[in-house]
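Right, one structure below, let's go through it.
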Amino acid sequence: MAVYPRHQLAQQIVLSCKENGITQVVVSPGSRNAPLIIGFNQEPTVELLSVVDERCAAFFALGIAQQTKQPIALICSSGSALLNYFPAVAEAFYSDIPLIIITADRPKHLIDIGDGQTIRQENVFGTHVLSSTNLEEIPLGNTDEYLEKRSAVAIQNAMQMAIKEKGPVHINVPFNEPLYETVDGLTIDSSFLKLTTENVKNPISLLDETPLDVDDLAVFAEVWNNSKKKIVLVGASTPDDLLQTQLEHIAKDPSVIVLVENTANVSHKMFVNSIDKLIFPLDDEALEKFQPEILLSLGGMIVSKKIKQQLRKYQPKHHWHVDAKRGYDSYHCLEHHFKISAQLFFSQFFFLTKPVKSDFRDFWLEKKMMRLKKHEKFVNTCEYSDFKVMATLIGSIPKNRMLQLSNSSIIRYAQLFDLNPTVHVFCNRGTSGIDGSTSTAVGASLASKKQTVLITGDISFLYDSNGLWNNYIPKNFRIIVVNNSGGGIFRFIPGPQTTNSLEYFETPHNLSAKELSAMHGFEYSMAENIESLENTLKNFYLGEDVPKLLEIFTPTTLNDAVLKSYFKNLKV
């Protein structure tokens with residue numbers, strides 16, 4: 001016999017998740033959220049995943065939703081517990097990842113009277129969620145049809161918003177004691193739920209979108225067809241075969257250069273896939289020649305700070321952005337936002353455009369090849385360093401793997417090297433924080449089933465070390481920690497080394513991941529030179545019996561000199 005929580009709000013939330021196709025719920029243990037735990041634990045359509053640390057739990061859930069593109073629910077107790085969700089909530093908000101955050105709370109009459117584990121939870125995530133829903137307590141043993149229906153509608157509206165608009169929503173649920181009582185059957189009217197559900201189980205496809213007005217689009221196509229210097233800039237995107245084909249088509253136009261990053265998950269010999277490698281060595285005269293008449297941007301955040309500086313200084317005459325949801329004015333010259341998916345935009349736009357005679361594309365592709373030759377020569381001869389290690393790692397990843405990257409130095413180094421096009425790349429670039437890279441990668445690995453490789457820096461790894469305190473880590477999961485004994489990026493960026501406070505920027509340490517690996521059941525190996533690294537990598541990706549961690553020690557004081565020498569070498 002099914003056992004339900006006595007609290008009606010808990011029953012409503014469990015059934016609403018079921019009606020909306022929520023199949024996975026990540027819960028952190030607690031007491032105030034007991035009615036929700038009881039309810040979800042008895043629901044056969046829901047997989048309940050328990051992660052103790054709320055910050056890790058939220059990033060773990062984010063990683064799952066990143067891969068499935070389906071909403072996942074998060075449940076925690078009251079008080080400071082939900083505040084630990086905030087970093088992942090912000091990342092989900094800026095990365096368009098659907099999370100349903102369900103936080104247990106005390107009833108209003110117990111707030112701010114000195115009760116333990118109690119804070120002001122209503123609207124706590126502010127402007128970083130799509131909606132905040134603060135439910136009213138339904139007293140135990142009472143029947144209030146009006147309040148019951150209003151709660152059901154509010155819950156359903158929040159969940160539909162997360163699904164349709166792809167982002168986080170917050171549902172705050174007050175529970176009075178007793179918390180652990182159960183009943184043998186539902187005590188709510190489930191018909192309220194069915195009345196408010198509107199086809200939310202079906203993912204939105206191109207067929208659901210409204211096409212652009214052809215006459216309006218023709219005006220932009222005319223400008224496009226009369227421009228000889230055009231850049232298509234692709235930010236973070238999920239792998240998509242249609243988008244890949246469309247970008248290959250647009251790259252055939254001699255007046256267009258396609259700039260992509262590894263996180264764009266598209267690649268072709270006609271694309272410029274390492275933006276900094278191309279433009280970092282350019283002087284002002286060459287940068288001015290690089291200035292486009294039209295910039296067409298799509299996808300999410302751009303890693304390259306250099307291209308941002310370039311396009312802000314040498315602004316295009318026209319900047320158009322394509323995205324169904326957001327249109328950031330990243331280069332301070334946004335002229336138009338096409339509120340549509342890139343795939344549907346191109347399927348309409350191509351009928352109105354034509355190739356334009358120009359030397360713009362070929363000139364810069366020739367530059368790209370020149371840079372590549374210098375790049376390869378430098379890689380073959382440079383000293384052992386973060387740069388040399390990243391070159392080795394990127395080239396070692398087997399086909400058809402998922403690569404998760406941490407932020408700071410790791411994601412920037414990765415942009416300098418060519419990846420196998422079958423390797424899909426992800427990074428938390430919504431807010432670009434270092435705080436949840438490991439937990440996100442674990443969630444993504446669990447959801448995708450394919451072998452996932454996380455390359456992370458030592459500070460990011462140590463910061464999220466509780467990410468290993470997780471019972472759902474796949475045995476084929478791989479972590480590579482590049483340990484340069486501190487935040488190495490602060491030796492490269494201008495500023496920190498001119499102060500007398502460098503040690504407070506880069507956080508020097510002598511810690512290792514070895515003991516953490518043993519505690520959490522990872523097979524540990526280490527490397528401290530290129531020979532030991534290459535030997536270790538021969539077997540690192542093999543086997544399905546145990547997760548593995550490879551720690552690579554690099555010289556703290558040499559890394560910045562090698563990277564600066566690399567960019568200087570590109571100019572010669």
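Odds and ends about this structure:
- Scanning region 213-242 for residues that are in a helix (DSSP H, G or I) and closer than 25 Å to TRP364 by Cα returns PHE220, ALA221, GLU222, VAL223, TRP224, ASN225.
- If only residues of region 35-75 that are part of a helix (DSSP H, G or I), of a type in the set (Val, Ile, Thr) and within 19 Å of ILE155 (Cβ to Cβ) are counted, the one that is farthest from the chain's Cα centre (by Cα) is ILE38.
- Filter pass, SER77 being farther than 14 Å from ILE171 by Cβ and in contact with a Lys or Arg (Cβ under 6 Å, 6 or more places away or on another chain): yes
- Test for LEU295: is it in the same structural domain as LYS230 (by TED's automatic domain parsing), farther than 30 Å from THR556 by Cβ and surrounded by 19 or more Cβ atoms within 10 Å (Cβ to Cβ): yes
- Members of region 243-269 found to be touching a residue at least 40 places away in the same chain (Cβ under 8 Å), crowded, with 16+ Cβ neighbours inside 10 Å and not in a helix (DSSP H, G or I), listed by number: ALA251, ASP253, PRO254, SER255, VAL256, ILE257, LEU259, GLU261, ASN265, SER267
- Selection over region 299-346 of residues that are more than 16 Å from VAL260 (Cβ to Cβ) and of a type in the set (A, V, I, L, M) gives a count of 4.
- For region 100-129, a residue qualifies if it is surrounded by fewer than 19 Cβ atoms within 10 Å (Cβ to Cβ) and hydrophobic (A, V, I, L, M, F, W, C), and the qualifying residues are LEU110, ILE111, ILE113, ILE119.
- Any hit, region 366-382, residues being in a loop (DSSP other than H, G, I, E, B) and either touching a residue at least 40 places away in the same chain (Cβ under 8 Å) or within 23 Å of the chain's Cα centre (by Cα) (or both): yes
- No other residue among LEU393, LEU372 is under 22 Å from LEU247 (Cβ atoms) and either of a type in the set (A, V, I, L, M, F, W, C) or not assigned by TED's automatic domain parsing to the domain that holds VAL482 (or both) apart from LEU372.
- Condition check for LEU344: surrounded by fewer than 18 Cβ atoms within 10 Å (Cβ to Cβ), in contact with a helix residue (DSSP H, G or I) (Cβ under 6 Å, 6 or more places away or on another chain), in the same structural domain as ASP216 (by TED's automatic domain parsing) and over 23 Å from MET370 (Cα atoms): no
- Positions within region 133-164 being out of contact with any helix residue (DSSP H, G or I) (no Cβ under 8 Å at 6 or more places or on another chain) and of a type in the set (Gly, Ala, Ser), in sequence order: GLY141, ALA154, ALA158, ALA162
- Residue in region 493-516 that is modelled with pLDDT under 90, under 16 Å from LYS388 (Cβ atoms) and outside any strand (DSSP E or B) present: no
- Residues in region 340-364 that are within 30 Å of the chain's Cα centre (by Cα) and part of a helix (DSSP H, G or I): ALA342, GLN343, LEU344, PHE345, PHE346, SER347, GLN348, PHE349.
- Any hit, region 404-416, residues being in contact with a Phe, Trp or Tyr (Cβ under 6 Å, 6 or more places away or on another chain) and buried (at least 24 other Cβ atoms within 10 Å of the Cβ): yes
- Total residues in region 123-141, condition within 26 Å of the chain's Cα centre (by Cα) and either part of a loop (DSSP other than H, G, I, E, B) or not polar (S, T, N, Q) (or both): 7
- Residues that are small (Gly, Ala, Ser) and either in contact with a Gly (Cβ under 7 Å, 6 or more places away or on another chain) or part of a loop (DSSP other than H, G, I, E, B) (or both), drawn from region 1-29: ALA2, ALA10, GLY21, SER28
- Single residue of SER50, SER28, SER95, SER80 found to be modelled with pLDDT under 95 and of a type in the set (Ser, Thr, Tyr): SER80
- Considering (1) assigned to a helix (DSSP H, G or I); (2) of a type in the set (D, E, K, R); (3) in contact (Cβ under 8 Å) with a residue 60 or more places away in the chain, the lone condition that ARG32 does not fulfil carries the number (1).
- Members of region 38-61 that are under 14 Å from TYR85 (Cβ atoms) and crowded, with 16+ Cβ neighbours inside 10 Å: VAL51, ASP53, GLU54, ARG55, CYS56, ALA57, ALA58, PHE59, PHE60, ALA61
- Checking each residue in region 455-471 for being touching a Phe, Trp or Tyr at 6+ places or on another chain (Cβ under 8 Å) and not acidic (Asp, Glu) picks out GLY467, LEU468, ASN470.
- Qualifying positions in region 295-327 - under 17 Å from LYS166 (Cβ atoms) and either among the aliphatic types (A, V, I, L, M) or under 17 Å from the mean Cα position of the chain (by Cα) (or both): LEU298, GLY299, GLY300, MET301, VAL322, ASP323, ALA324, LYS325, ARG326
The values are calculated or read from the model by the stated rules, or taken from the named source; none is laboratory data. Here the structure is a predicted model, which means the values were calculated and not measured. Counting neighbours? That spans all protein chains shown, and the Cβs are built from the backbone with ideal geometry, glycine included.
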